[in-house]
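Enquirer: First the structure, which I've put down as structure tokens, then a few questions once you've had a look.
The values are calculated or read from the model by the stated rules, or taken from the named source; none is laboratory data. Model, not experiment: these values are computed from the prediction. Positions of Cβ are generated from backbone atoms using ideal geometry, with glycine treated the same way; all protein chains shown enter the neighbour counts.
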Amino acid sequence: MEIYKPFAERTPDSQYQDLLRRIWEEGTEVMPIHGEKAKMVVGAQLRYRLANGFPVITERDLSGVFFKGALAEHIAFLNGARTQEQLEAFGCKWWDRWVTKERTAIFNLPEGDLGDGSYGAAWAAFPTAEGKPFNQVEHLMQQIKERPYLRTH
């Protein structure tokens with residue numbers, strides 16, 4: 001386990017900026033199923049030395065509403081949220097443009113539904129071979145409490 005270096009000894013990291021530049025300059029233009037044109041590169045990885053501190057993207061304002069919404073989104077997904085209504089109940093309000101009637105129809109879903117493959121559904125109600133839902137988050141928490149030294153979590 002790495003120990004944080006004192007702030008004065010930490011070195012700046014430009015991996016994220018370098019990757020953004022690479023995507024911009026060399027990325028392949030794609031048209032995902034959602035209809036938003038994008039650029040991509042395949043296989044890019046970023047590895048951060050945690051001794052330099054927690055890797056936070058400083059190119060975006062992480063204060064205020066954005067950060068609260070991101071935190072709300074994670075909490076909602078950990079609790080199994082899969083619809084816009086459920087996400088909004090936790091305070092995440094930005095999924096509405098992705099769950100319109102037109103966009104959900106592409107996946108044969110009702111308006112407002114992110115579907116079985118969304119994080120909330122996959123984490124909290126993963127379908128088993130027997131057809132029963134399996135709550136991966138609940139199981140993980142139980143496993144960490146009962147067997148903290150396992151290397152599978």
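Enquirer: Those residues that are among the aliphatic types (A, V, I, L, M) and either touching a Cys at 6+ places or on another chain (Cβ under 6 Å) or at positive phi (or both), I need them from the range 60-101; list them, please.
Expert: Selection gives A72, A76.
Enquirer: Within the range 69-83, identify whether any single residue is of a type in the set (D, E, K, R) and within 30 Å of F134 (Cβ to Cβ), and answer yes or no.
Expert: yes
Enquirer: So, one more: Taking the condition of being of a type in the set (A, V, I, L, M, F, W, C) and surrounded by 10 or more Cβ atoms within 10 Å (Cβ to Cβ), how many residues in the range 1-21 meet it?
Expert: 2
Enquirer: Being surrounded by fewer than 11 Cβ atoms within 10 Å (Cβ to Cβ), assigned by TED's automatic domain parsing to the domain that holds A125 and modelled with pLDDT under 95, is that true of even one residue in the range 74-97?
Expert: There is at least one residue in the range 74-97 that is surrounded by fewer than 11 Cβ atoms within 10 Å (Cβ to Cβ), assigned by TED's automatic domain parsing to the domain that holds A125 and modelled with pLDDT under 95.
Enquirer: Another question, then. F66 passes all but one of (1) at pLDDT below 95; (2) in contact with an Asp or Glu (Cβ under 6 Å, 6 or more places away or on another chain); (3) not acidic (D, E); which number fails?
Expert: The number of the failed condition is (2).
To keep it simple, each residue is scored yes or no on (1) in contact with a Leu (Cβ under 7 Å, 6 or more places away or on another chain); (2) over 20 Å from E138 (Cα atoms); (3) hydroxyl-bearing (S, T, Y).
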| site | (1), (2), (3) |
| --- | --- |
| G69 | no, yes, no |
| E73 | yes, no, no |
| F77 | no, no, no |
| A81 | yes, no, no |
| Q86 | no, no, no |
| A89 | no, yes, no |
| C92 | no, yes, no |
| R97 | no, yes, no |
| T100 | no, yes, yes |
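Enquirer: Continuing with this model, one more query. Is there any pair linking a residue in the range 35-58 that is small (G, A, S) to one that is surrounded by fewer than 11 Cβ atoms within 10 Å (Cβ to Cβ) and modelled with pLDDT under 85, with Cβ under 7 Å and at least six apart or on different chains, and which?
Expert: That search, which allows pairs on different chains as well, returns A38/P32; A51/E2; A51/I3.
Enquirer: Take the residues in the range 31-50 that are closer than 15 Å to Q15 by Cβ and hydrophobic (A, V, I, L, M, F, W, C); name whichever of them is surrounded by the fewest Cβ atoms within 10 Å (Cβ to Cβ).
Expert: Residue satisfying both the conditions and the ranking: L46.
Enquirer: For residues that are assigned to a strand (DSSP E or B) and either over 20 Å from W94 (Cα atoms) or not assigned by TED's automatic domain parsing to the domain that holds E88 (or both), tally how many sit in the range 113-128.
Expert: 2
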